[in-house]
Each structure stands twice: as C-alpha cells, then as structure tokens.
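Please read the structure below before turning to the comments.
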Amino acid sequence: MPESNQTVISLENVSKRYDKNGAFVLKDASLSAEKGKFIALLGPSGSGKSTLLHIAGLLDKQTSGTIYIQDKNVSRMSDNEKTAARLSKIGFVYQYHHLLQEFSAIENVMLPQLIKGAAKKDARERAEELLRDLNLRDKLKAFPSELSGGQKQRVAIARALANNPILLLADEPTGNLDPETAALVFEDLTRIIRKTNMSVIMATHNYELAAKTDIKFLISEGKLLKQ
Ligand code: ADP
C-alpha cells in the first residue's frame, strides 16, 4: 500500500511487455509521487518512458505489478471509474500539442471542463484564468493555426490543467520547441505546478530541465533507477 495519504500515485513492481513472449520494456519499476513533487523520468528514446506514463495515466495496462491512485488500487477500478479518474484527476501534456484546430484557444481549454459537466460560464472563467497565467491573455480567441509553437504548447498545458488534476503526466512537453522557447514554456509550467501543488511526472531527455525538478529517475534496461 502507498506510504501516506500524501501519495498521489504509486507504482509497485510494475512490469510491462507488449507481446506475450516479447522482451520486457519495464521490469519491476517502482515509483511514488507525493503531493507537490515534480519528478523527471530520464532515459534515451525507446527506454520505456512513454510506456510508463501511459500505464500511470490508465491508458494502458501493466503486465504485472500494482498501481494506486491516491489509495485506490487501479486494478479494482471499473472502466467507468478509470475514465472518471482520467478526466478529473490526471492531466496529460504531450510533445505535440494535439489541439483541436477548429476551436479557439479558450474553447480548447473549456472543452475538458464541459465534458466533465462544468457550467459554461465557470469553464470560461477557469480557461481565461489559466491562459492569462500562461501569458496568453491576448490570444484567448486565437485559433491554433494563428499561434506559435510555444503558444500552442501553452494552450495544451492550460487544457491539461483545466480540470485541476492532482497529477500531471508530461511526455517531452517542450521537446518540439527551440531551446529558448522550451526554457520559457518550462518556466511557466513550473510556476503553475508550484502554485497548485500538484504532482508531476515528466519524461524528458533534457538533463538541463530535469535538473530543475525534485526527483529524478533514469530508466535503464526496464529498471527505474533513482538518481
Ligand atoms: P520512450 O518513451 O522512452 O521513447 P517507449 O515507451 O515509447 O519509449 O518505448 C519503449 C519500447 O516499447 C520500445 O522498444 C518500443 O518499440 C516498444 N513499444 C512501445 N509501444 C509499443 C506498442 N504499442 N506495441 C509494441 N511495442 C511498443
């Protein structure tokens, strides 16, 4: 069981292989994220970072091992409970923004809230607040095609945070940006994370960014090694 009620997510001896007789991508990986902690997941391309994030985000299933979200064993959750947990407790940011092109910035950030059942007015207020916090106050009504790479990624971050998740899973969130923009977007992301006290697991191969996190793990040959 997780050590304390401050533990947002806990992976215990999680192993994963995609094919029955294939190689293990993860081998007995254990990790727990306390409230407010920013964790970096390091490792070269193909080492299993995305696999771990998908499992932690309930988008894929481990071959063996146990996952707890807060104190709840994920294996005992129904599909509906998992969907609800994904919508209200977990935010995702990917390397690519995945914004809906036919919706404006503010609408992209309102959407997950409306899906969760928020009133339109509240969703709009929350989206505005987040986009302002991410230095996009002048771009609320802009469409993704009218935004720079850094701005699109900021909208994607706002969308991930829209439902106030307790856990943010970020897969190379600044990996598509030039170094200067990446540093600025990362700075904004970090400021918001610190303000809200959420837990974050971020996959990256950027050691400079990882240096600014609280805890670092390296994935090597499927094992999670604390740095
Ligand atoms: P990373 O995010 O560190 O680049 P991944 O988790 O994407 O690594 O991949 C780890 C390994 O798992 C790779 O060898 C990759 O080919 C394999 N893999 C990832 N997803 C699948 C899948 N859906 N089916 C089969 N193999 C996969």
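No value in this document is a laboratory result; all are computed from the given coordinates. The structure presented is a predicted model; accordingly, all values stated were derived computationally and were not measured. Don't worry about glycine lacking a Cβ; one is built from the backbone with ideal geometry, like all the others, and counts go over all protein chains shown.
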Quiz item: Plugging the Kirkwood radius over Cα pairs into Stokes-Einstein for the chain, at a temperature of 25 °C and a viscosity of 0.890 mPa s, what D comes out in µm²/s?
Solution: 137 µm²/s
Practice problem: Answer with one residue from Ala158, Ala210, Pro44: the one whose Cα lies farthest towards the positive end of the charge dipole of the chain, charges on Cβ with Lys, Arg +1 and Asp, Glu -1. | Solution: Ala158
Quiz item: Roughly how many debye, to the nearest 20, is the charge dipole of the range 112-227 about its Cα centre, given +1 on each Lys and Arg Cβ, -1 on each Asp and Glu Cβ, and no other charges?
Solution: 500 debye
Practice problem: Kindly express, to the nearest 10 degrees and within the range 0 to 90, the angle between helix 149-161's C-alpha long axis and the longest C-alpha principal axis of the chain. | Solution: 70 degrees
Quiz item: For helix 105-116, what angle does its Cα long axis make with the longest principal axis of the chain, in degrees from 0 to 90 and rounded to 10?
Solution: 50 degrees
Practice problem: Mind checking the full-extension length gain between Arg194 and Lys72? Use 0.36 nm per residue of separation minus the Cα-Cα distance, one decimal, nm. | Solution: 41.4 nm
Quiz item: Dipole of the chain, Cα-centred, from +1 at each Lys and Arg C-beta and -1 at each Asp and Glu C-beta, to the nearest 20 debye?
Solution: 420 debye
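If you take the beta carbon distance between Asp79 and Glu180 as r and set R0 to 41 Å, what does 1/(1 + (r/R0)^6) give as a FRET efficiency, to the nearest 0.05?
On the way: r = 43 Å, r/R0 = 1.05.
Computed FRET efficiency for Asp79 and Glu180 comes out at 0.45.
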